[in-house]
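The values are calculated or read from the model by the stated rules, or taken from the named source; none is laboratory data. Predicted model only: the values in this text are computed from it and were never measured. Positions of Cβ are generated from backbone atoms using ideal geometry, with glycine treated the same way; all protein chains shown enter the neighbour counts. Please note that ligands, DNA and RNA were not included when accessible areas were found on the heavy atoms of the full protein model with its side chains. Shrake-Rupley method; radii C 1.70, N 1.55, O 1.52, S 1.80 Å.
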Amino acid sequence: NAGVMQNPRHLVRRRGQEARLRCSPMKGHSHVYWYRQLPEEGLKFMVYLQKENIIDESGMPKERFSAEFPKEGPSILRIQQVVRGDSAAYFCASSPRSGAHSNQPQHFGDGTRLSIL
Amino acid sequence: GESVGLHLPTLSVQEGDNSIINCAYSNSASDYFIWYKQESGKGPQFIIDIRSNMDKRQGQRVTVLLNKTVKHLSLQIAATQPGDSAVYFCAETTRLGTSYDKVIFGPGTSLSVIP
(Lines give C-alpha, C1' and ligand atoms only; values in the text may rest on other atoms or scores of the structure.)
Protein backbone atom coordinates (compact mmCIF):
# COMPACT_ATOMS: atom_id res chain seq x y z
CA ASN A 1 0.00 0.00 0.00
CA ALA A 2 2.12 2.86 -1.30
CA GLY A 3 2.01 6.11 0.58
CA VAL A 4 2.11 9.61 -0.83
CA MET A 5 4.83 9.73 -3.46
CA GLN A 6 6.67 12.92 -4.28
CA ASN A 7 9.29 13.45 -6.93
CA PRO A 8 11.90 14.50 -7.36
CA ARG A 9 13.24 14.27 -3.81
CA HIS A 10 15.78 16.95 -4.58
CA LEU A 11 15.59 19.61 -7.26
CA VAL A 12 18.19 22.22 -8.11
CA ARG A 13 17.30 25.18 -10.29
CA ARG A 14 18.99 28.40 -11.30
CA ARG A 15 17.28 31.71 -10.75
CA GLY A 16 14.72 32.37 -13.46
CA GLN A 17 14.09 28.71 -14.30
CA GLU A 18 10.90 26.79 -13.68
CA ALA A 19 10.43 24.15 -11.00
CA ARG A 20 7.85 21.38 -11.25
CA LEU A 21 7.08 19.28 -8.21
CA ARG A 22 4.94 16.16 -8.49
CA CYS A 23 2.76 14.42 -5.99
CA SER A 24 0.87 11.16 -6.32
CA PRO A 25 -1.62 10.76 -3.48
CA MET A 26 -2.29 7.55 -1.64
CA LYS A 27 -4.54 5.11 -3.44
CA GLY A 28 -8.14 6.08 -2.92
CA HIS A 29 -7.32 9.64 -1.87
CA SER A 30 -8.81 12.42 -3.95
CA HIS A 31 -7.76 15.39 -1.82
CA VAL A 32 -4.28 16.87 -2.08
CA TYR A 33 -2.61 19.58 -0.02
CA TRP A 34 0.69 21.35 -0.59
CA TYR A 35 2.82 22.82 2.19
CA ARG A 36 6.10 24.67 2.30
CA GLN A 37 8.66 24.28 5.06
CA LEU A 38 11.76 26.33 5.71
CA PRO A 39 14.60 24.81 7.81
CA GLU A 40 13.78 24.68 11.51
CA GLU A 41 10.28 25.98 10.87
CA GLY A 42 6.76 24.63 10.71
CA LEU A 43 4.53 23.74 7.79
CA LYS A 44 2.94 26.59 5.90
CA PHE A 45 -0.23 25.75 4.00
CA MET A 46 -0.18 26.67 0.34
CA VAL A 47 -3.07 25.08 -1.54
CA TYR A 48 -5.76 22.43 -1.31
CA LEU A 49 -7.04 20.66 -4.39
CA GLN A 50 -9.55 18.02 -5.30
CA LYS A 51 -9.56 16.35 -8.69
CA GLU A 52 -9.61 19.13 -11.31
CA ASN A 53 -10.55 21.76 -8.73
CA ILE A 54 -8.67 24.22 -6.54
CA ILE A 55 -10.58 24.48 -3.28
CA ASP A 56 -8.36 26.80 -1.25
CA GLU A 57 -5.27 28.61 -2.53
CA SER A 58 -5.13 31.21 0.20
CA GLY A 59 -1.58 30.26 1.16
CA MET A 60 -0.09 30.38 -2.28
CA PRO A 61 1.66 33.48 -3.66
CA LYS A 62 -0.41 35.15 -6.33
CA GLU A 63 2.45 35.33 -8.80
CA ARG A 64 4.75 32.63 -10.18
CA PHE A 65 3.08 29.78 -8.25
CA SER A 66 0.37 27.52 -9.59
CA ALA A 67 -1.01 24.10 -8.76
CA GLU A 68 -3.14 21.55 -10.50
CA PHE A 69 -4.58 18.12 -9.86
CA PRO A 70 -5.79 16.73 -13.17
CA LYS A 71 -8.30 13.97 -13.62
CA GLU A 72 -5.48 11.63 -14.56
CA GLY A 73 -1.96 11.81 -13.19
CA PRO A 74 -0.25 13.42 -10.24
CA SER A 75 -0.77 16.80 -8.70
CA ILE A 76 1.76 19.38 -9.90
CA LEU A 77 3.09 22.41 -8.04
CA ARG A 78 4.73 24.76 -10.52
CA ILE A 79 7.00 27.64 -9.65
CA GLN A 80 7.95 29.91 -12.52
CA GLN A 81 10.98 32.20 -12.62
CA VAL A 82 12.32 30.85 -9.36
CA VAL A 83 14.18 33.11 -6.94
CA ARG A 84 16.52 32.30 -4.05
CA GLY A 85 13.69 32.75 -1.58
CA ASP A 86 11.84 29.80 -3.11
CA SER A 87 14.43 27.42 -1.64
CA ALA A 88 12.55 25.22 0.81
CA ALA A 89 11.09 21.77 1.32
CA TYR A 90 7.71 21.32 -0.30
CA PHE A 91 5.45 18.66 1.13
CA CYS A 92 2.36 17.14 -0.32
CA ALA A 93 -0.33 15.44 1.75
CA SER A 94 -3.46 13.57 0.80
CA SER A 95 -6.65 12.45 2.47
CA PRO A 96 -9.58 10.31 1.37
CA ARG A 97 -12.03 13.12 1.95
CA SER A 98 -12.34 16.45 3.61
CA GLY A 99 -15.33 18.21 4.94
CA ALA A 100 -17.51 18.53 7.97
CA HIS A 101 -17.13 15.60 10.33
CA SER A 102 -14.56 13.89 8.13
CA ASN A 103 -11.96 13.63 10.92
CA GLN A 104 -9.46 12.20 8.51
CA PRO A 105 -5.76 12.89 9.06
CA GLN A 106 -3.66 13.96 6.15
CA HIS A 107 -0.89 11.61 5.10
CA PHE A 108 2.35 13.17 3.95
CA GLY A 109 5.00 12.39 1.40
CA ASP A 110 8.71 12.85 2.13
CA GLY A 111 8.86 16.13 0.28
CA THR A 112 10.86 17.76 -2.48
CA ARG A 113 13.84 19.81 -1.41
CA LEU A 114 14.16 22.71 -3.80
CA SER A 115 17.45 24.56 -3.99
CA ILE A 116 17.87 27.70 -6.06
CA LEU A 117 21.37 28.61 -7.17
CA GLY B 1 -6.01 35.31 13.60
CA GLU B 2 -6.12 31.57 13.95
CA SER B 3 -2.95 30.01 15.22
CA VAL B 4 -1.61 26.99 16.95
CA GLY B 5 1.41 27.51 19.14
CA LEU B 6 3.73 25.40 21.20
CA HIS B 7 5.00 26.42 24.60
CA LEU B 8 8.43 24.83 24.22
CA PRO B 9 10.37 24.94 20.98
CA THR B 10 12.95 22.40 22.20
CA LEU B 11 12.82 19.60 24.73
CA SER B 12 15.60 17.32 25.97
CA VAL B 13 14.65 14.13 27.78
CA GLN B 14 16.65 11.30 29.29
CA GLU B 15 16.10 7.94 27.68
CA GLY B 16 13.47 6.02 29.60
CA ASP B 17 11.80 9.10 31.03
CA ASN B 18 8.38 10.32 29.97
CA SER B 19 8.07 13.26 27.58
CA ILE B 20 5.33 15.85 27.51
CA ILE B 21 4.93 18.16 24.54
CA ASN B 22 2.42 20.97 24.84
CA CYS B 23 0.36 22.88 22.33
CA ALA B 24 -2.00 25.83 22.62
CA TYR B 25 -4.67 26.52 20.04
CA SER B 26 -6.68 29.68 19.63
CA ASN B 27 -9.77 28.64 17.70
CA SER B 28 -12.44 27.30 20.02
CA ALA B 29 -14.35 26.04 16.96
CA SER B 30 -11.62 23.51 16.14
CA ASP B 31 -12.98 20.03 16.63
CA TYR B 32 -10.29 17.60 15.53
CA PHE B 33 -6.65 17.54 16.56
CA ILE B 34 -3.68 15.57 15.31
CA TRP B 35 -0.10 15.03 16.41
CA TYR B 36 2.58 14.42 13.80
CA LYS B 37 6.19 13.34 14.15
CA GLN B 38 8.76 14.54 11.63
CA GLU B 39 12.17 12.92 11.46
CA SER B 40 15.06 14.60 9.70
CA GLY B 41 14.70 14.46 5.93
CA LYS B 42 11.24 12.97 6.03
CA GLY B 43 7.66 14.10 5.89
CA PRO B 44 5.39 14.40 8.93
CA GLN B 45 4.09 11.06 10.13
CA PHE B 46 0.70 10.69 11.80
CA ILE B 47 0.96 9.64 15.46
CA ILE B 48 -2.41 10.04 17.08
CA ASP B 49 -5.56 12.09 16.80
CA ILE B 50 -8.39 13.15 19.07
CA ARG B 51 -11.85 14.57 18.52
CA SER B 52 -13.24 17.43 20.53
CA ASN B 53 -15.81 15.20 22.24
CA MET B 54 -12.97 13.39 24.00
CA ASP B 55 -10.42 14.60 26.54
CA LYS B 56 -7.98 11.71 26.39
CA ARG B 57 -6.89 9.12 23.90
CA GLN B 58 -4.18 6.51 24.22
CA GLY B 59 -2.06 4.77 21.66
CA GLN B 60 1.04 2.67 21.88
CA ARG B 61 3.30 4.55 24.34
CA VAL B 62 1.57 7.83 23.45
CA THR B 63 -1.33 9.65 25.05
CA VAL B 64 -2.99 12.81 23.84
CA LEU B 65 -4.85 15.03 26.29
CA LEU B 66 -7.28 17.73 25.23
CA ASN B 67 -8.42 20.52 27.53
CA LYS B 68 -11.00 22.54 25.67
CA THR B 69 -11.54 24.92 28.58
CA VAL B 70 -8.07 26.38 28.19
CA LYS B 71 -7.61 25.32 24.57
CA HIS B 72 -4.62 23.15 25.32
CA LEU B 73 -3.37 19.93 23.78
CA SER B 74 -0.53 17.74 24.96
CA LEU B 75 1.30 14.67 23.75
CA GLN B 76 2.77 12.33 26.32
CA ILE B 77 5.36 9.77 25.30
CA ALA B 78 6.05 7.02 27.81
CA ALA B 79 9.53 5.54 28.27
CA THR B 80 11.08 7.82 25.66
CA GLN B 81 13.50 6.09 23.31
CA PRO B 82 16.26 7.45 21.03
CA GLY B 83 14.01 6.76 18.06
CA ASP B 84 11.55 9.29 19.43
CA SER B 85 13.97 12.12 18.66
CA ALA B 86 12.19 14.26 16.09
CA VAL B 87 10.13 17.39 15.64
CA TYR B 88 6.55 17.06 16.82
CA PHE B 89 3.75 19.14 15.36
CA CYS B 90 0.26 19.57 16.64
CA ALA B 91 -2.46 20.41 14.16
CA GLU B 92 -6.01 21.64 14.61
CA THR B 93 -8.85 21.24 12.18
CA THR B 94 -11.37 24.00 11.75
CA ARG B 95 -14.48 23.56 9.71
CA LEU B 96 -14.93 26.08 6.91
CA GLY B 97 -18.47 25.90 5.66
CA THR B 98 -19.84 22.43 5.08
CA SER B 99 -17.32 21.15 2.63
CA TYR B 100 -13.84 21.89 3.91
CA ASP B 101 -11.91 21.23 7.10
CA LYS B 102 -8.82 23.41 7.21
CA VAL B 103 -5.79 22.06 9.04
CA ILE B 104 -3.49 24.50 10.81
CA PHE B 105 -0.11 23.34 12.04
CA GLY B 106 1.78 24.61 15.03
CA PRO B 107 5.44 25.67 14.80
CA GLY B 108 6.75 22.37 16.19
CA THR B 109 8.79 21.15 19.17
CA SER B 110 12.13 19.48 18.71
CA LEU B 111 12.52 16.49 21.03
CA SER B 112 16.03 15.25 21.77
CA VAL B 113 16.49 12.02 23.68
CA ILE B 114 19.67 11.75 25.72
CA PRO B 115 21.01 8.17 25.85
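The table that follows gives values for the structure above.
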quantity	calculated
Residue match in the stretch A:88-107 (condition: over 22 Å from A:H29 (Cα atoms) and open to solvent by 60 Å² or more (accessible area, probe 1.4 Å))	no
Any chance B:T109 is touching a residue at least 60 places away in the same chain (Cβ under 8 Å), within 25 Å of B:D17 (Cβ to Cβ), surrounded by 20 or more Cβ atoms within 10 Å (Cβ to Cβ) and touching a Ser or Thr at 6+ places or on another chain (Cβ under 9 Å)	yes
Test for B:L75: is it under 10 Å from the mean Cα position of the chain (by Cα) and not small (G, A, S)	yes
Condition met for B:Y25 (open to solvent by 10 Å² or more (accessible area, probe 1.4 Å), within 14 Å of chain A (Cβ to nearest Cβ), aromatic (F, W, Y) and free of Cβ contacts under 8 Å to residues at least 12 places away in the same chain)	no
Hits in the stretch B:87-106 (condition: closer than 15 Å to B:T10 by Cα, open to solvent by less than 10 Å² (accessible area, probe 1.4 Å) and assigned to a strand (DSSP E or B))	B:Y88, B:F89, B:C90
Spans of strands (runs of 3 or more DSSP E) in the stretch A:24-117 with at least 1 residues more than 9 Å from chain B (Cβ to nearest Cβ) and more than 19 Å from A:H10 (Cα to Cα)	A:31-37, A:43-50, A:53-56, A:65-68, A:88-95
